[in-house]
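Visitor: Here's a structure for you.
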């Protein structure tokens, strides 16, 4: 678990709120930057003269940037104070998203999206460790969910706002907005997060040695496979609304808002479930996801039913805080690397989901096939969960045992 910290006793409640707000603001910026392209898919496709599945490759490029950047930056940043590392990561994110806004071709946008993904996982991982150190042990999952709340609010407000920018101005404004949010976060962290010179730091080699154990790899595998279904549906939601539901484009930001609302509720639910069920909560969430994703194609025929389905599918965001907190419990000596790798795993899911969905769509199975593909990945994640339950370490604390 995270090292015991007297921070919650030293800092006033107001100070803790300001710290968590600052960190969550970064989550909002990163979430908006990650998901913006999904609502802007038709706009980017029209601008560059490419197909929607090709735009899906931009999503995968960002996700692969997270997969590469999360462990690399976490390893090299393990020796830094967390405040300094967070500031550097958010400044990098601001520059990379400004570059995305200025991209002049599909190829340069692809490169800039990959670069923008590099600091994503390390930021969320370190921010989660900071948040968990501010509260008592039995409130860690709730604190982590507050950091992830920025991601949920990005789904709720940031992504619909980015889509409206793309529809009424230009898609480039969305990434310019993300760059501004990232710059603001850099300032907030500098102002409100105290520098704790007594926090434990580890060498790169010690983090790598402690990282190599199955108690860490199982939850990472669950996240990378089990969560792919949500990204599969979400990535192609806009063209599904236009081509299957036959909805007016004005419904796209509405559907994104409803999806974000489900993610917001799911994020709170994930922290609540883990604090009560521990690692068992992961199995409950995956089972729910498998059922809801399987039902999604049946709901695509009418706007009212697809909106309900969007909310129900998005509840699987609960998997995020549950797995994040479990990893902090089992990753003794490799917390920075494990916390960052959690987001690498989820963004591997972000790469796998659109890729599998794009293949199925390109094969002529229809836009709504994303639900069936997503349900299959949730079931695969559930199977990994059962394997993890059989091999869990009996001496681990918190979420590692039940």
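Visitor: Which helices (runs of 4 or more DSSP H) does segment 27-131 wholly contain that include 3 or more residues that are within 13 Å of the chain's Cα centre (by Cα) and in contact (Cβ under 8 Å) with a residue 60 or more places away in the chain?
Guide: Once the helices (runs of 4 or more DSSP H) in segment 27-131 are filtered for at least 3 residues that are within 13 Å of the chain's Cα centre (by Cα) and in contact (Cβ under 8 Å) with a residue 60 or more places away in the chain, what remains is 52-77.
Visitor: Any idea which of (1) in contact with a helix residue (DSSP H, G or I) (Cβ under 6 Å, 6 or more places away or on another chain); (2) at pLDDT below 90; (3) farther than 19 Å from residue 154 by Cα is the one residue 389 doesn't satisfy?
Guide: For residue 389, the failing item is (1).
Visitor: Here's something else I'd like to know. Tell me, please, whether a residue that is touching a residue at least 12 places away in the same chain (Cβ under 8 Å) and in a loop (DSSP other than H, G, I, E, B) can be found in segment 247-254. Before you say what the answer is, go through the steps one by one.
Guide: Step one: list which residues in segment 247-254 are touching a residue at least 12 places away in the same chain (Cβ under 8 Å), which gives 247, 249, 251-254.
Going one step further and asking which of them are in a loop (DSSP other than H, G, I, E, B), we end up with 247, 249.
Looking for residues that are touching a residue at least 12 places away in the same chain (Cβ under 8 Å) and in a loop (DSSP other than H, G, I, E, B), one finds at least one in segment 247-254, hence yes.
This table checks each residue for (1) part of a helix (DSSP H, G or I); (2) surrounded by 18 or more Cβ atoms within 10 Å (Cβ to Cβ); (3) modelled with pLDDT of 90 or more; (4) in contact with a helix residue (DSSP H, G or I) (Cβ under 7 Å, 6 or more places away or on another chain).
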position	(1), (2), (3), (4)
179	yes, yes, yes, yes
184	yes, no, yes, yes
201	no, no, no, no
206	yes, no, no, no
215	yes, yes, no, yes
220	yes, yes, no, yes
240	yes, yes, no, yes
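Visitor: Just need a number here: residues in segment 86-108 that are under 23 Å from residue 348 (Cα atoms), in contact with a helix residue (DSSP H, G or I) (Cβ under 7 Å, 6 or more places away or on another chain) and modelled with pLDDT under 90.
Guide: Within segment 86-108, residues that are under 23 Å from residue 348 (Cα atoms), in contact with a helix residue (DSSP H, G or I) (Cβ under 7 Å, 6 or more places away or on another chain) and modelled with pLDDT under 90 number 1.
Visitor: Right, another one. Could you please tell me which pairs satisfy a Cβ distance under 8 Å, a separation of 6+ or placement on different chains, a first residue in segment 292-303 that is at positive phi and assigned to a helix (DSSP H, G or I), and a second residue that is at pLDDT below 90 and surrounded by 23 or more Cβ atoms within 10 Å (Cβ to Cβ)?
Guide: From residues that are at positive phi and assigned to a helix (DSSP H, G or I), there are no pairs.
Visitor: Let me confirm something: among 308, 285, which residue is at pLDDT 90 or above and within 20 Å of residue 246 (Cα to Cα)?
Guide: Just one listed residue meets the conditions, 308.
Visitor: Next up: Among the residues in segment 331-343, are any closer than 29 Å to residue 239 by Cα and either assigned to a helix (DSSP H, G or I) or touching a strand residue (DSSP E or B) at 6+ places or on another chain (Cβ under 7 Å) (or both)?
Guide: yes
The values are calculated or read from the model by the stated rules, or taken from the named source; none is laboratory data. Every value quoted in this text rests on a predicted model; they were computed, and no experiment measured them. Neighbour counts run over all protein chains shown; Cβ positions are idealised from the backbone, glycine included.
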